[in-house]
Amino acid sequence: MHEESEKHWLAATLTDDIPLGAAMALEVTRLDEHGIALSLPLAPNINDKGTAFGGAMASAMILAGWSLPRLLLRREGLDADLVIGRCELRFLKPVKQDFSVQCDWPDAGALALFFEAFRQQGRGKLDLAPEVICNNEVVATLQARYAALARNSTATGEKAS
C-alpha cells in the first residue's frame, strides 16, 4: 500500500472533486491499515447554537465511509460509481469544538463478498460504521451501506485506464 500517495490522492478527491469537503475544511489526518481519520474545524461547520451542524457531521461521516471503498476500487483498477444506498445517523452529544471522523476498514470477509458481487453482478455492497470523535469520545455514529456500480467492463476484472 502506498499510504502517503493514496492519502494525497484522497485529500484532493475529497476537497477538489467534492466541493463540500473543501467548504468544510476537512483534512485527511490518517490513512493506514486501521482505516481513515478526517479532522474538521468547528468554524466552517457551526450551527446557530454554536455547535457542529448535524448536516456537517453527517456529511463528514458519509465522506469518511465513502473514502474506503473508493480507495479499494482504485487499487483494483475497477471503474465504478460509488454511492451511499442507505444510512442511519445517531447524534449522541453536541460538539462544541473541532472534531474528527474515523472509519475502520471492513473485515476481509466483507471485502471478499464486495468484490465477488461486483465482479459477478456489476454491483457490490459494503456496510461501514464511521463515527464522529470529540475529546476522545464518540459523539455521533453512522451505519451506512455503500454500493459500487460498474460503469463498464471493469466488473469482469479488466483494469481501468
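Are there any pairs, at least 6 apart or on different chains, whose C-beta atoms fall under 9 Å, with the first in segment 104-123 and over 22 Å from LEU63 (Cα atoms) and the second aromatic (Phe, Trp, Tyr), and if so, which?
Hits for this filter: zero, empty list.
Residues to consider are GLY77, GLY85, GLY124; find the one that is crowded, with 19+ Cβ neighbours inside 10 Å and not hydrophobic (A, V, I, L, M, F, W, C).
Exactly one of GLY77, GLY85, GLY124 is crowded, with 19+ Cβ neighbours inside 10 Å and not hydrophobic (A, V, I, L, M, F, W, C), namely GLY124.
Conditions: (1) among the hydrophobic types (A, V, I, L, M, F, W, C); (2) under 16 Å from LYS125 (Cα atoms); (3) outside any strand (DSSP E or B). ALA60 meets all but one. Number of the miss?
(2)
Only one residue in GLY65, GLY109, GLY55 is surrounded by 16 or more Cβ atoms within 10 Å (Cβ to Cβ) and assigned to a helix (DSSP H, G or I). Which one?
Sole residue among the options that is surrounded by 16 or more Cβ atoms within 10 Å (Cβ to Cβ) and assigned to a helix (DSSP H, G or I): GLY65.
Tally up the residues in segment 1-36 that are of a type in the set (A, V, I, L, M), outside any strand (DSSP E or B) and within 13 Å of the chain's Cα centre (by Cα), please. Before you say what the answer is, go through the steps one by one.
Start the filter on segment 1-36 by keeping residues that are of a type in the set (A, V, I, L, M), which leaves 1, 10-12, 14, 18, 20, 22-26, 28, 31, 36.
Narrowing further to those that are outside any strand (DSSP E or B): 1, 10-12, 14, 18, 20, 22-26.
Okay, now just the ones that are also within 13 Å of the chain's Cα centre (by Cα), so 10-11, 14, 18, 26.
Of the residues in segment 1-36, 5 are of a type in the set (A, V, I, L, M), outside any strand (DSSP E or B) and within 13 Å of the chain's Cα centre (by Cα).
Might you let me know whether segment 131-141 holds any residue that is among the hydrophobic types (A, V, I, L, M, F, W, C), within 13 Å of the chain's Cα centre (by Cα) and on the phi < 0 side of the Ramachandran plot?
yes
Can you tell me which residues in segment 46-89 are among the polar types (S, T, N, Q) and in contact (Cβ under 8 Å) with a residue 40 or more places away in the chain?
Passing the criteria: THR51, SER67.
Of the residues that make up segment 3-14, is at least one among the aromatic types (Phe, Trp, Tyr) and either over 23 Å from PHE91 (Cα atoms) or touching a residue at least 24 places away in the same chain (Cβ under 8 Å) (or both)?
Yes, some residue in segment 3-14 is among the aromatic types (Phe, Trp, Tyr) and either over 23 Å from PHE91 (Cα atoms) or touching a residue at least 24 places away in the same chain (Cβ under 8 Å) (or both).
Rule-based calculations on the coordinates, nothing more; no lab input. Keep in mind it's a predicted model, so treat the numbers as computed, not measured. Quick reminder, even Gly has a Cβ in these numbers, built from the backbone with ideal geometry, and neighbours come from all protein chains shown.
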